[in-house]
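Shown next, in structure tokens, is the structure this report addresses.
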Amino acid sequence: MEAALAPEQIAEVAKGNVQSIASEPIPTNSESDEDMPLSQRALKVQKQAPAVNGNAKRQRVNYKDSSDSEDDMPLKDKIVPPRAAALQGSKRKPESRSDPAHDKKRRKTQSQPANGASTAARKKPGPQSGEKRWSKLCHSGVLFPPEYEAHGIQMLYEGKPVDLTPEQEEVATMFAVMKETDYMKHERFLRNFWDAFKPILGKGHVIRDLKKCDFSPIYEHHMAEREKKKAMPKEEKVALKAQKDADEAKYKVALVDGRQEQVGNFRVEPPGLFRGRGEHPKMGKLKKRVYPRDITINIGKGEPIPEHPFPGQKWKEVRHDNTVTWLAYWKDPISQNSFKYVWLAANSTFKSEGDLAKYEKARKLKYHIDDIRAAYEKDWKSKDPRARQMGVALYFIDKLALRAGHEKEEDEADTVGCASLKLENVELLEPETIRFDFLGKDSIRYENEVKVERKVFQLVKEFSTHDAHGNKKKNRDAQLFDTMDAQDLNRRVKELMDDLSVKVFRTYNASITLNRLLYESISEGSYSVDQRKADYDRANKEVAILCNHQRAVNKAHAGQMEKMQGKMQSLMEELHDLQADLKAARKSEKAGSADALQSRVEKKKQQIEKMELQAKVKEDLKTVALGTSKINYLDPRITVAWCKRNEVPIEKIFNKSLLSKFHWSMDVEPEFSF
DNA sequence: CCTTTTACTTAGAATGATTATA
DNA sequence: TATAATCATTCTAAGTAAAAGG
């Protein structure tokens, strides 16, 4: 049987040396790495001018220094300067959830097609609808976290040590190690934790009030252990690492139709306290340990069934479903109606094919976007209120790169996207500016003031005051779009282009923006590689802002900035002294030393300039995450082609894992335009 | 239809490793 | 040579959207 992997093969893959393995997967027309990649096959490349479109641009709000990004904006898109505001987590529990019943039952009031209901979308079986994804699949299943080992450290209750069973101690420790996190200040977290801890303590336990608990002995023990580990002699560390690698090696690879592929997340999630984002109703709940009996394995027929270290147990199920790409899944112990999956890694064929398809679909949108824009603008004037709402929603999705915004459950964080916007999320600023303020995915705040078409402004005003039946909307937490939801948007968009869905607009706008900015950028030729990279980063940043990709300000940020300022100060002083020396040397006409000083002055100046730029970029990017768009939204062929045109080594832009994830895009021709 | 289930992509924080700097 | 800053990787939560189910 060929399924088993030779150890040396495993080692290669485990090390991430997958180039040969990884490039192969795109088998259709390639025999070797050098062959024409899928990218080229798929695209009968049209060499067209860089796309320039009326793209959405937005001004970030939580961004102190707004001056720079504004001047290069087309006037039309300029946005009213925003009020300064703090980064995250506004307090915004809707006062009353007014009429939730109505909220849920809204929609469907009006019937069908908004306008010129073109050829209804044709079902093309995509890679999710029962199509065969593999013929042979072999892997080693999942790796379980080690069982809990009791440390025997006692916690204190009313100042006195308390004995805990290992089971109790495990949960106490989960809580103890979170001592320094913000969750400790979160009432809901504490309540949920207590509700989980109490039954584990059992009836009549001495511990009856969380407030009287002191977990710090456990916390300190945990920290001490950590220190110990850090202080371990080098050889021991190396040996430990080697052991770990060896234990994991077999889980890291899978064999798919004879190809070796890396597995992504082969580890079963260890138990812990749920760390939801934002105001998550379930934060602090105990996420229970997962066992083989909870896990369904997916594997090729006739392949050896993966083993597990729990003698009495069986896998929940073993399936041989070749229409899906997951290797295993289990029910998420926190939200009973969702699953955790084990998939192949980002560089696998499954994922690469998915990526390519995603970007090709977004590129296809380019040929339809004008018609689509015309269509939704026409809908603004429709007699059908549903069409009007849909038209405005699509405009937001296109211009602002908003997410679709599906309905959420009561037991999830209260966040919104386009379709689920509430009145309280939009403020009308006469004559034609809309101010958005809402918590989106991951409870990241989206704040933006956008100048919109007059008609859109009027429509949003209409939606803000009256529903589709002309009844007044009274509550701030009422739906802005009361006649439609995300599903309706997806259906609508399919009328406009086959297989189009709402999220494609984000990909499209992100990629086409990068493409345009890179073709517009002029620092070629005499500019240094670093300067050209800075160009790239600026474009990347613009996309990140468009997509609202944020990150928390690094805790040390302020201190680091101060330090830089201080350093700059002393550099300035040094420059000053040098300049004085130079002047003196000139006076005394010691030519040689003057020349030397002159060059030292120049050097110092450059040093200062570099530092200034560094400081500016750092401050600039303190809340902006560039990585997310690079990984998920920007067609790598744009980047690769730009690197080729500008003689920038691709490694400057893509790190090792991105290179591997995007191996399929590497031999795109330099003229590629998205 | 409308809701629920399933499968997949996208997301920021936390952690770990590497590099720059004092 | 330790410490700090930066960068890469891991982790798992939180979205989207299609299909299945009733």
So A:Glu619 clears everything in (1) farther than 30 Å from A:Lys503 by Cβ; (2) assigned to a loop (DSSP other than H, G, I, E, B); (3) under 22 Å from the mean Cα position of the chain (by Cα) except one condition, right? Which one?
(2)
Applying the selection to the range A:153-186, what residues are part of a loop (DSSP other than H, G, I, E, B) and of a type in the set (S, T, N, Q)?
A:Gln154, A:Thr165, A:Thr181
Selection status of A:Arg445, under 26 Å from the mean Cα position of the chain (by Cα), outside the structural domain of A:Ala404 (by TED's automatic domain parsing) and closer than 17 Å to A:Phe396 by Cα:
no
Restricting to the range A:172-195, give me the number of residues that are under 21 Å from A:Val162 (Cα atoms), open to solvent by 20 Å² or more (accessible area, probe 1.4 Å) and within 14 Å of DNA strand C (Cβ to nearest atom).
2
Kindly provide the set of residues from the range A:196-224 that are closer than 21 Å to A:His151 by Cβ, open to solvent by 80 Å² or more (accessible area, probe 1.4 Å) and either in contact (Cβ under 8 Å) with a residue 40 or more places away in the chain or touching a His at 6+ places or on another chain (Cβ under 9 Å) (or both), ordered by number.
A:Val206
Residue hits (the range A:551-563; within 13 Å of DNA strand B (Cβ to nearest atom) and open to solvent by less than 30 Å² (accessible area, probe 1.4 Å)) are A:His557
Would it be correct to say that A:Glu269 is within 16 Å of DNA strand C (Cβ to nearest atom), outside any helix (DSSP H, G or I) and over 28 Å from A:Pro333 (Cα atoms)?
no
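Which of the residues belonging to the range A:595-636 are acidic (Asp, Glu) and under 30 Å from A:Ala345 (Cβ atoms)? Walk me through it before giving the result.
Let us first name the residues in the range A:595-636 that are acidic (Asp, Glu), namely A:595, A:602, A:609, A:612, A:619-620, A:635.
The one that is acidic (Asp, Glu) and under 30 Å from A:Ala345 (Cβ atoms): A:Asp635.
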Would a scan of the range A:643-653 turn up a residue that is within 11 Å of DNA strand B (Cβ to nearest atom), surrounded by fewer than 18 Cβ atoms within 10 Å (Cβ to Cβ) and either at pLDDT below 95 or within 21 Å of the chain's Cα centre (by Cα) (or both)?
no
Look through the range A:356-375, keep the residues that are within 11 Å of DNA strand B (Cβ to nearest atom) and buried (at least 20 other Cβ atoms within 10 Å of the Cβ), and return whichever of them is nearest to A:Ala393 (Cα to Cα).
A:Ala362
Screening A:Asp332, A:Asp321, A:Asp294 for residues that are within 16 Å of DNA strand C (Cβ to nearest atom), among the charged types (D, E, K, R) and either open to solvent by less than 30 Å² (accessible area, probe 1.4 Å) or within 19 Å of A:Val253 (Cβ to Cβ) (or both) leaves only A:Asp332
If we ask which residues in the range A:398-433 are part of a helix (DSSP H, G or I) and within 9 Å of DNA strand C (Cβ to nearest atom), their number turns out to be 0
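The values are calculated or read from the model by the stated rules, or taken from the named source; none is laboratory data. What you are looking at is a predicted structure, and each value in this text was computed from that prediction instead of being measured. We place every Cβ from the backbone using ideal geometry, glycine too, and count neighbours over all the protein chains shown. Ligands, DNA and RNA are excluded from the accessible area calculation, which covers all protein heavy atoms including side chains. Shrake-Rupley method; radii C 1.70, N 1.55, O 1.52, S 1.80 Å.
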